[in-house]
Amino acid sequence: RVLVLAWSEWKVLGAAFLCLVVAATGETAGPYVTGKVLDAIRNGDGLAAGAIGMVVAAEAASVLFSGCRGWLFLLAAAHLRQTLRLQLFSHLVHQDLDFFQGVPAAELSARFSTEVPLVSMAVPRGTNLLLRSLGMALVVGTAMVRLAPGLALLALLELPLGITARRIHSARRQALQQSMLEASARTASGVQESVAAIETIRIFSAEEEEEERHRQDLDKELRLKERMELELAGFTLIQRLLRLAIRVLVLFQSHQQLREGSITPGVLVTFLLYRDTVGSHVQVLLFGFNEFMTNVAAGQKIWEYLDQEPTRDMSGTLKPSKLRGDVTFQRVSFTYPGNPERPVLKDVSFELRSGEVTALAGHNGSGKSTTVALLERLRDPGSGKVLLDGIPLLEYENQYLHRQVVLVEQDPVLFSGTIRENIVLGLEHCEESELQEAATAAGAMEFIQGLEHGWDTEVGEHGGRLAAGERCRLALARAMLRRPTVLILDEALDDGDEGAARRWVRTGLARTVLVVSHRPRVLDAADRLVVLEHGAVAEAGTPAELRERRGAYSRLLQ
Ligand SMILES: Nc1ncnc2c1ncn2[C@@H]1O[C@H](COP(=O)(O)OP(=O)(O)OP(=O)(O)O)[C@@H](O)[C@H]1O
Ligand SMILES: [Mg+2]
């Protein structure tokens, strides 16, 4: 999968590969020419300008092109990181809501910032290392064998020993790395959670407890890191001792061969230079391959996220130019996937009529917000149907539906940005007059005009610089601007004026309104009422009828 991902960058990677070949050629030629020059000097032929030129050319080509190679591989990595982040993000925003309940937001963002770079580095780094070092090790290794077979065999003895040690080390390192990533994602998630809940922490003076938790998280990370570094140090030591022993053997042997005259000093110099080259490439190869596998393994969670497909049916295509706004709940039942034993809505049937304000009442947890989520198509019913103008919601095109059916949530969410940006959110263009009209209808105009920067006031993270009531009015204005066919207000009118919904219907800002509320004044102001009890419809009718009936509605008001 990492390779498939990398294929999108084949041009940059290809160019980098070309540079790599040229650089490697220069790197191989350098020591060879150096050896030749040395022998020429010894034979008294003098220093030919041509020979020196060749050494310089070989080294220069190697330096220049390996620089370009490094730059191009880094460029490819940066592009890949961008692609992968974008893929992951666009996948996430289309994910089912249930997906987000299982994954803390901070953990997701930690994965974005630590694991994506690891994976996107893996391919360019891996290709770079594997191709270059493998190629170089083979070419130079062969040259060594041809120059001095006996010495070469001795020198290459380092390979099998090194590989064995590396394999043992790499398996351990991979496991540690994985735990390390998990641990740092958890730490990051802890910090974000604490910061987000700082007021609650202050209220319950839980600062010390949070500090302690963070200390424990950090300790755990530190211990893992210490283990990793200790093992690396031990491994490096063994590796170095091994190399030293072999180097001594090679020197001893070459000394004898020089005395016997079976090799010239020039050949020995070339050989020793080659030996260092092969040694470093083999090191890189072993270490790099190890790192490559570790980094690819870091991507495991990312692929898991990318594999998780939204389960919702998004195949709807209907986009009628006119909607009446009649809504029907037809024997709807619903259970949250997170709690499959407990049905939240049971056989719910009711209607919302165009031109009317219908209120939904019920105790806490009776299923009002869930009903609303089904009408907004945030979730789909387990059984039964929700119809808009007689057609099931899922047959409407998704974006169209969300322009027609607009919800002001129980706790409306604002984004950091200006008031204007928050109200316009997602609309391509809108007139200033429409904006003003929406804000006026929502009762937000007065406070917006009172602000120093007016429409361009920054609301802060989650709208934290505004009062709760002001946030609510902005959310209402955001909804009104869309002139929805069906407007749903989940407790959004509870501290506003109760006649607002009817006014909006009368002035054509919305056709059908569903108001969820606990406040008797808001409920009584509706044209009709639906009362939910434990996820089932207990009563429906006009407020006056229900008051007279002395049933569920009267019980609720008490
Ligand atoms: N994401 C969820 N996963 C599992 N259960 C949930 C989830 N959301 C809500 N519930 C449960 O569904 C039931 C109905 O919740 P809902 O939010 O619809 O109530 P409500 O009528 O809007 O209450 P309130 O008046 O307090 O807003 C509750 O018992 C709640 O615990
Ligand atoms: Mg609710």
Please go through the range 437-450 and give me each residue that is within 12 Å of ALA477 (Cα to Cα), out of contact with any Leu (no Cβ under 7 Å at 6 or more places or on another chain) and either buried (at least 16 other Cβ atoms within 10 Å of the Cβ) or at pLDDT below 85 (or both), ordered by number.
GLU437, ALA439, GLY443, MET445, ILE448
Residue hits (the range 30-62; among the aliphatic types (A, V, I, L, M) and surrounded by fewer than 14 Cβ atoms within 10 Å (Cβ to Cβ)) are LEU47, ALA48, ALA49, ILE52, VAL56, ALA60
Looking for something modelled with pLDDT under 85, over 22 Å from GLY362 (Cβ atoms) and more than 16 Å from ligand 1 (Cβ to nearest atom) - is there at least one such residue anywhere in the range 484-497?
yes
Taking PHE271 as meeting all but one of (1) buried (at least 20 other Cβ atoms within 10 Å of the Cβ); (2) touching a strand residue (DSSP E or B) at 6+ places or on another chain (Cβ under 9 Å); (3) not assigned by TED's automatic domain parsing to the domain that holds GLU545, write down the number of the exception.
(2)
Only unsatisfied item for HIS255, checking (1) in a helix (DSSP H, G or I); (2) in contact (Cβ under 8 Å) with a residue 60 or more places away in the chain, is (2)
Scanning the range 482-524 for residues that are crowded, with 24+ Cβ neighbours inside 10 Å and in a helix (DSSP H, G or I), the one nearest to ligand 2 (Cβ to nearest atom) turns out to be VAL522
Scanning for something under 18 Å from GLY316 (Cα atoms) and of a type in the set (Asp, Glu), does the range 366-385 turn up at least one residue?
yes
If we ask which residues in the range 176-185 are modelled with pLDDT of 85 or more and under 16 Å from ARG215 (Cα atoms), their number turns out to be 3
Among the residues of the range 395-404, is any closer than 20 Å to VAL522 by Cβ and part of a loop (DSSP other than H, G, I, E, B)?
no
Take HIS453 and tell me if it is within 16 Å of ligand 2 (Cβ to nearest atom), modelled with pLDDT of 85 or more and surrounded by fewer than 22 Cβ atoms within 10 Å (Cβ to Cβ).
no
Could you list, ordered by first residue, the pairs with Cβ atoms under 7 Å in which the first is in the range 313-342 and within 16 Å of ligand 1 (Cβ to nearest atom) and the second is open to solvent by less than 90 Å² (accessible area, probe 1.4 Å) and of a type in the set (Asp, Glu), at least 6 apart or interchain?
SER333/ASP347; PRO337/ASP98; GLY338/ASP98
Confirm whether GLU199 is outside the structural domain of PRO104 (by TED's automatic domain parsing), under 36 Å from the mean Cα position of the chain (by Cα) and open to solvent by 90 Å² or more (accessible area, probe 1.4 Å).
yes
I'd like to know if the range 551-558 contains one or more residues that are surrounded by fewer than 22 Cβ atoms within 10 Å (Cβ to Cβ), within 16 Å of ligand 2 (Cβ to nearest atom) and more than 26 Å from LEU481 (Cα to Cα).
yes
Pairs, first among the β-branched types (Val, Ile, Thr) in the range 452-477, second not in a helix (DSSP H, G or I), C-beta under 6 Å, six or more apart:
THR457/LEU451; VAL459/LEU414; VAL459/ARG465; VAL459/LEU466
If a residue must be under 30 Å from the mean Cα position of the chain (by Cα), at pLDDT below 90 and either open to solvent by 40 Å² or more (accessible area, probe 1.4 Å) or farther than 28 Å from GLN95 by Cβ (or both), how many such residues does the range 355-379 contain?
1
Just to check your reading of the model, which residue among PHE89, PHE17, PHE65 is open to solvent by 80 Å² or more (accessible area, probe 1.4 Å), among the hydrophobic types (A, V, I, L, M, F, W, C) and under 18 Å from MET136 (Cα atoms)?
PHE17
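The values are calculated or read from the model by the stated rules, or taken from the named source; none is laboratory data. The model shown is predicted, which means the values in this text are computed figures rather than measured ones. Please note: Cβ atoms are built from the backbone with ideal geometry, for glycine as well, and neighbour counts cover all protein chains shown. For accessibility, only protein heavy atoms count, side chains too; no ligands or nucleic acids. Shrake-Rupley method; radii C 1.70, N 1.55, O 1.52, S 1.80 Å.
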